[in-house]
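Here is the structure we will look at.
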Amino acid sequence: MTMTTRCDHPDRAISIIGAGLAGALLARLLAQRGWQVDVYERREDPRAGPVIGGRSINLALAERGWNALRLAGVADAVASQAIAMRGRAVHAMDGRVEVQPYGLTDAHVIHSVHRANLNRLLVDQAAAAGARLHFECGLRDVDWDRNELLLESDGQTLRRPFGRVIGADGAGSPLRAALARVTPQQEVWEPLGHGYKELSIPPAADGSFRMDPNALHIWPRGEFMLIALPNADRSYTVTLFLPLQGPRSFEQLQSPAAIDAFFQTEFPSAVPYLQDLQSEFAENPLGQLGTLRLSPWRLGERALLIGDAAHAVVPFHGQGMNCAFEDCALLARLLEGPDCSDAFAQLEQQRKANADAIATMAVENYQEMRDAVAQAGFLWRRQIEHALTTRFPERVLSRYALVSFTQVPYAEAQRRGAILGGIIDRLQTATDLDAIDWTLAATLVHERLSVLPDAAQLGHVDRQCPAIP
């Protein structure tokens, strides 16, 4: 059976495919700007059922994401459930823990947020702004000749007219597949060759955190790693990142004995906390990791892809959600004026190079997290980097800080990071900070690094988050 409904105001109508984080946030932003917004989501309403674990439960919220949430008027609500993480707590094989701050002050933080709870909040806020939400209603195809979406709902095919359609439907985007049928696309999927399993650490018997709650915990082991992010209920979401194949890989972990031996050998300090290791390892799915590079993202001004549908990245810079939220904030601004005839074109023009840059940096950050953070050479370079930032604050800020704590475009952060790395290469042969040729350092900084742009002013959302007793 095919059902057709009409579009009330086609000139100000937008359909969004996907009610995940980006889709829900964009729906609120556009509804606030007077657009008639319909959101179609194949899954059930996330507010109606229990949380389903096993995939990407925790996320790292940084300044770019906070900026979009502030624009939508929901930052305070999100802050009430976010936990500040001021650095990496690196767990060595012998049990020692070293905390490496992300920046120079407590304002330089990222925040752990629970994906399902954040999604529920954003869906609520989208509805409150006037967006119309259609759950258990998935996109099957698009009739481009008739400007109609073909949707599957309760065993029926629905035809819904659309003015413009935006795909916020993830890396496996059905809208991207529909676009590929009518416009040539250069789509490159770069598999990482590593996967992930999500586990958990429950609260202690007295209800407290079992580890420092204001840090992202990492057990770096060269080719793989374990990480843990804090939750508001004082549990931790734990993720094992590991090659899919090879001598130490997921293909070798096929029995309880193999799993136990692997964790006892590689992560002995974490084992006492992983109380449900065997059951969670068996029940939670094995996630795949990879990078999507796509061009174009749109079909004229009729259809556009954003977030993971256009530029999926690996999670090791904690920027997938933040990058998608940045898409949403820019698109909302481009669509708020009376003449928005080229909004989709401008979005792609302004975001494509930046999406490619964060994709590259995210892969590079995996090597840093799983290996370099435990190396003396990395720590020495970080000391030099901090000293340069302190001496030349108007020109020097680390690549990580530019990405995580500012709104400087990703491509510019990548460019400045490469220059700063070259300067540190020249200085790192010194044995300590006092032995560095600071005259040479000043010359290199002033010759190679321009004054930081206004967008490099750091945010201070840290003060909004609840204290952890």
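The values are calculated or read from the model by the stated rules, or taken from the named source; none is laboratory data. Computed from a prediction, not measured in an experiment: that's the story for all the values here. Glycine also receives a Cβ, built like all others from the backbone with ideal geometry; neighbour counts cover every protein chain displayed. Calculation scope for accessible area: heavy atoms of the full protein, side chains included, ligands and nucleic acids excluded. Shrake-Rupley method; radii C 1.70, N 1.55, O 1.52, S 1.80 Å.
For segment 278-362, applying the loop criterion from DSSP together with a ceiling of 16 other beta carbons within 10 Å to the trypsin sites (Lys or Arg not before Pro) yields Arg302. Amide H to amide H, with H built 1.01 Å from N, His194 comes under 5 Å of Leu244, Leu289, counting only residues 5 or more places away or on other chains. Compactness of segment 332-394, taken as the C-alpha radius of gyration over 2.2 N^0.38 Å, stands at 1.82.
Taking the C-alpha atoms only, the angle from helix 115-128 to the longest principal axis of the chain is near 40 degrees. Taken along the Cα-to-beta-carbon direction at a fixed 7 Å, the label points for Arg302 and Glu223 span 4.9 nm. Across segment 178-273, the fraction of Cα-Cα pairs farther apart than 20 Å, rounded to a whole number, is 49%.
With a simple spin-label model that places each label point 7 Å from the Cα along the Cα-to-Cβ direction, the separation between Arg47 and Ser295 comes to 4.2 nm. Near the amide H of Leu274, within less than 5 Å, lie no amide hydrogens of residues on another chain or at least 5 residues away, with H placed in the peptide plane. Computing FRET efficiency as 1/(1 + (r/R0)^6) for Ala204 and Leu433, where r is the C-beta to C-beta distance and R0 is 41 Å, gives about 0.55. Placing unit charges on the Cβ atoms of the charged side chains and taking the dipole of segment 29-170 about its Cα centre, the candidate lying farthest along the positive direction among Val74, Gly34, Val90 is Val90. Length gained on full extension, Thr157 to Thr443: 96.3 nm, using 0.36 nm per residue less the C-alpha separation.
Okay, helix-only estimate at 222 nm for the chain: each DSSP H run of n ≥ 4 adds -39500 (n - 2.57), divide by all residues, round to 500 deg cm²/dmol; what do you get?
Working: 14 runs with 165 residues, N = 469.
The per-residue figure over the chain is -11000 deg cm²/dmol.
The residues of the chain expose, per residue, 42 Å² of accessible area to a 1.4 Å probe. Projected label points at Asp11 and Phe378, each 7 Å from Cα along the beta carbon direction, are separated by 5.7 nanometres.
Say R0 is 41 Å: what FRET efficiency, to the nearest 0.05, do Ser80 and Leu334 get from their beta-carbon distance?
On the way: r = 30 Å, r/R0 = 0.73.
After rounding, the FRET efficiency stands at 0.85.
Would you please classify the overall shape of segment 292-340 from the alpha carbon gyration tensor, given that a ≥ b ≥ c denote the square roots of the eigenvalues, rounded means a/c under 1.5, and beyond that prolate means a/b larger than b/c while oblate covers the rest? Since a/c reaches 1.5 but b/c is at least a/b, the shape of segment 292-340 is classed as oblate.
Using the Cβ-Cβ distance between Glu136 and Gln252 with R0 set to 45 Å, the FRET efficiency from 1/(1 + (r/R0)^6) comes to roughly 0.70. Could you tell me whether segment 115-243 comes out rounded, prolate or oblate from its Cα gyration tensor? Rule is a ≥ b ≥ c as square roots of the eigenvalues, rounded for a/c under 1.5, then prolate if a/b exceeds b/c, otherwise oblate. Oblate, because a/c is 1.5 or more while a/b does not exceed b/c. Among the GluC sites (Glu not before Pro) in segment 324-370, those located in a DSSP loop and surrounded by at most 16 other Cβ atoms within 10 Å of their own Cβ are Glu336.
So how much slack lies between Asp276 and Glu187, counting 0.36 nm per residue of separation and subtracting their Cα-Cα distance, in nm? If you can, show how the numbers build up before the last one.
Numbers: separation 89, 0.36 × 89 = 32.04 nm, distance 3.96 nm.
My answer for the length gained is 28.1 nm.
Per the Debye calculation on segment 327-469 with a single equal scatterer at every Cα and no solvent contribution, log₁₀ I(q)/I(0) for q = 0.12, 0.18, 0.22 Å⁻¹ amounts to -0.63, -1.13, -1.37.
Think of each Lys and Arg Cβ as +1 and each Asp and Glu Cβ as -1; about the Cα centre, that makes the dipole of segment 40-156 roughly 460 debye.
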